[in-house]
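Worksheet: one structure, shown below.
The values are calculated or read from the model by the stated rules, or taken from the named source; none is laboratory data. Here the structure is a predicted model, which means the values were calculated and not measured. No Cβ is skipped: glycine too gets one built from the backbone with ideal geometry, and neighbour counts run over all protein chains shown.
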Amino acid sequence: MAKVSVGLRGWRFEESEIFSEAGEFKPLDEIPEEPRQRLVRLAHLVEEPCDACYLVHGEAEKQRCNQSTIVYGEPGDELLLCDRHEPHFLYWFREEGGESLVGDEEFRDEFHLWFADGGRAPEDFVGMEYVETDPDSLPTPPDAEELHQRLNENFEGRRIEMLSPEQREAMRKETQEVDTDSLDLDTEYPTK
């Protein structure tokens, strides 16, 4: 099988890791951890505005921002772009040192600083051409609510032990040894 983008271009998934033989998304607990994290994150990103548009228009004019079509970076520190602004990112990445920041926490912030400071690709800069092979044949990725439901479907929870069994036993014994006879439990407190 091949690598595919889902929801947004950029992050690529091995088809066999995320799709069943029937061509549907696998249950989340059957998807390896890294692709699962990206899929879950994508569900929250697909409706977000382009970062560059947001830098241009700001929160007050957020409705003027284009919807993102591509994602770069790592989950939680990703950069979202529309088709119009992707060439500026590619120029920054290839020609302005962005490539040296791959995997760095500063990756997204450094692009934002460069772009906000007026950094742009020259008009003759050629971005990237994409080949889309039958994008309609891919199933629609689950939305955030469906992903949450799938994640919790088979989750029974687990107890996190903060104390060792010995510490718990010592606390139990200590509690039993407390003398409650001398406590004044009849104290009246003022009310409003």
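In this structure, does Glu166 turn out to be in a helix (DSSP H, G or I), at pLDDT below 75 and not aliphatic (A, V, I, L, M)?
Working: in a helix (DSSP H, G or I): yes; at pLDDT below 75: no; not aliphatic (A, V, I, L, M): yes.
No, not satisfied.
What about Glu34, is it more than 22 Å from Glu145 (Cβ to Cβ), without any contact (Cβ under 8 Å) to a residue 12 or more places away in the chain and not basic (Lys, Arg)?
Numbers: more than 22 Å from Glu145 (Cβ to Cβ): yes; without any contact (Cβ under 8 Å) to a residue 12 or more places away in the chain: yes; not basic (Lys, Arg): yes.
Criteria met by Glu34.
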